[in-house]
Amino acid sequence: MNKLFKYFLNLFPRTLLIRLSYVIRPLVAFFLRGNKYTDPIDGNSYRKFLPYGYEKVRENVLAPGTLSLERHRLFWLYLTHETSFFIENTRVLHFAPEQAFLKRFRKLKNISYTTTDLNSPIADVKADICSLPFEDNSYDFIICNHVLEHIPDDTKAMQELYRVLAPNGTAILQVPYDRTRETTFEDHTITDPKKRAAIFGQYDHVRVYGMDYFDTLKSVGFSVEAVDYTAQLSEKEIEKYRLPKGELLPVCRKLG
């Protein structure tokens, strides 16, 4: 089953997978309904979640209703309980918008919501993250999760994120990182998709971030807080929501 799932993930382009998921998702959600695990994004519960992973398949992590992964549910809980995102009037820029959030954010009356990506079929603005078509200080809140690991010049991308973020604004910039690695590893001579998957964890990743990621964010001007939100939750909640225990959320601010 896991080999078959991995095969299909790698067989089809991500843009096509996004389109197919809209059709398949309701059927899978109905089949897996139950009460053991809950997706906090839509509040629905299931007897189990789906497996997911390009190189190493993780069991019981993909919520069938929203297609959220562990990191999405962690982000949602932090956003809901630790920010004013759903209350205050906010200009929001969302990179590579995830299906789990897109329709929900569009419905919010308090935010001015713009999505952007170079390739995503569901983004509003087609743009290169290293050369954004937005003015300085344009957005109060930036969401850019699991994007930077795809970008060869990630420092330039970070500088652009800092530029378009308004003073006193917040950017949450999640990436996959290896907590056992002190320094980030990248080698731009590795271009073969299979080698990239083996070394970087996914065929379209160009690096493995280490714990120096947070310092790199600081180097472009951000004030950075590495937030372990799961530390505020019980073991029962972490398992119920299928969260990545101990994962650090990079909460970045542009001080005014």
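Write out, first by first residue and then by second, each pair whose Cβ atoms fall under 6 Å of each other, whose residues are 6+ apart or on separate chains, and whose first residue, in the range 68-80, is at pLDDT 95 or above while the second is assigned to a helix (DSSP H, G or I).
Between residues of the range 68-80 that are at pLDDT 95 or above and residues that are assigned to a helix (DSSP H, G or I), the close pairs are Ser68/Ala100; His72/Ala100; Arg73/Tyr241; Tyr78/Tyr229.
Output the residues belonging to the range 220-237 that are of a type in the set (Asp, Glu) and under 21 Å from the mean Cα position of the chain (by Cα).
Those that are of a type in the set (Asp, Glu) and under 21 Å from the mean Cα position of the chain (by Cα): Glu225, Asp228, Glu237.
Of everything in the range 161-178, what is within 16 Å of His146 (Cα to Cα) and out of contact with any Lys or Arg (no Cβ under 8 Å at 6 or more places or on another chain)? Give them in sequence order. Don't jump to the end; show me each part of the working.
Step one: list which residues in the range 161-178 are within 16 Å of His146 (Cα to Cα), which gives 161, 171-178.
Those that are within 16 Å of His146 (Cα to Cα) and out of contact with any Lys or Arg (no Cβ under 8 Å at 6 or more places or on another chain): Leu161, Ile172, Leu173, Val175, Pro176, Tyr177, Asp178.
Only one of these is closer than 22 Å to Asp154 by Cβ, assigned by TED's automatic domain parsing to the domain that holds Leu161 and surrounded by 13 or more Cβ atoms within 10 Å (Cβ to Cβ): Ile111, Ile129, Ile122. Name it. Give the derivation first.
Numbers: Ile111 fails: closer than 22 Å to Asp154 by Cβ; Ile122 fails: closer than 22 Å to Asp154 by Cβ.
Selected residue: Ile129, the only one of Ile111, Ile129, Ile122 that is closer than 22 Å to Asp154 by Cβ, assigned by TED's automatic domain parsing to the domain that holds Leu161 and surrounded by 13 or more Cβ atoms within 10 Å (Cβ to Cβ).
Is it the case that the range 144-153 has a residue that's in a loop (DSSP other than H, G, I, E, B), without any contact (Cβ under 8 Å) to a residue 40 or more places away in the chain and either outside the structural domain of Ile41 (by TED's automatic domain parsing) or not charged (D, E, K, R) (or both)? If you could, list the steps in order and put the result at the bottom.
At the first step, the residues of the range 144-153 found to be in a loop (DSSP other than H, G, I, E, B) are 144-147, 151-153.
Then drop every residue that is not without any contact (Cβ under 8 Å) to a residue 40 or more places away in the chain, which leaves 153.
Retained after the next criterion (residues that are either outside the structural domain of Ile41 (by TED's automatic domain parsing) or not charged (D, E, K, R) (or both)): 153.
For the range 144-153, residues in a loop (DSSP other than H, G, I, E, B), without any contact (Cβ under 8 Å) to a residue 40 or more places away in the chain and either outside the structural domain of Ile41 (by TED's automatic domain parsing) or not charged (D, E, K, R) (or both): present.
Out of (1) modelled with pLDDT under 95; (2) touching a Leu at 6+ places or on another chain (Cβ under 7 Å); (3) among the acidic types (Asp, Glu), what's the single condition that is false for Asp228?
Answer for Asp228: the failing condition is (1).
Touching a strand residue (DSSP E or B) at 6+ places or on another chain (Cβ under 7 Å) and either at pLDDT below 95 or farther than 19 Å from Met158 by Cβ (or both), is that true of Phe200?
yes
If only one of Glu82, Glu59, Glu98, Glu55 is more than 15 Å from Cys144 (Cα to Cα) and either of a type in the set (A, V, I, L, M) or in the same structural domain as Tyr113 (by TED's automatic domain parsing) (or both), which one is it? Full working, then the answer.
Details: Glu59 fails: either of a type in the set (A, V, I, L, M) or in the same structural domain as Tyr113 (by TED's automatic domain parsing) (or both); Glu98 fails: more than 15 Å from Cys144 (Cα to Cα); Glu55 fails: either of a type in the set (A, V, I, L, M) or in the same structural domain as Tyr113 (by TED's automatic domain parsing) (or both).
Only one candidate qualifies: Glu82.
Here is a yes/no grid of residues against (1) part of a loop (DSSP other than H, G, I, E, B); (2) in contact with a Phe, Trp or Tyr (Cβ under 9 Å, 6 or more places away or on another chain); (3) surrounded by fewer than 16 Cβ atoms within 10 Å (Cβ to Cβ):
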site: Asp136; (1), (2), (3): yes, no, yes
site: Ile142; (1), (2), (3): no, yes, no
site: Lys156; (1), (2), (3): no, no, yes
site: Arg163; (1), (2), (3): no, yes, no
site: Pro167; (1), (2), (3): no, no, yes
site: Thr180; (1), (2), (3): yes, no, yes
site: Ile190; (1), (2), (3): yes, yes, yes
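How about the range 26-127: which strands (runs of 3 or more DSSP E) wholly inside it have at least 2 residues that are more than 25 Å from Leu248 (Cβ to Cβ) and of a type in the set (Ser, Thr, Tyr)? Step through it out loud before you land on a result.
On the way: elements: 33-38, 50-52, 58-62, 90-95, 111-117.
Answer list for the range 26-127: 111-117.
Residues in the range 28-60 that are closer than 21 Å to Leu173 by Cα and in contact with a strand residue (DSSP E or B) (Cβ under 9 Å, 6 or more places away or on another chain): how many?
The number of residues fulfilling the criteria is 1.
The values are calculated or read from the model by the stated rules, or taken from the named source; none is laboratory data. Computed from a predicted structure; not experimentally measured. Every residue, glycine as well, gets a Cβ built from its backbone with ideal geometry; the counts of neighbours run over all protein chains shown.
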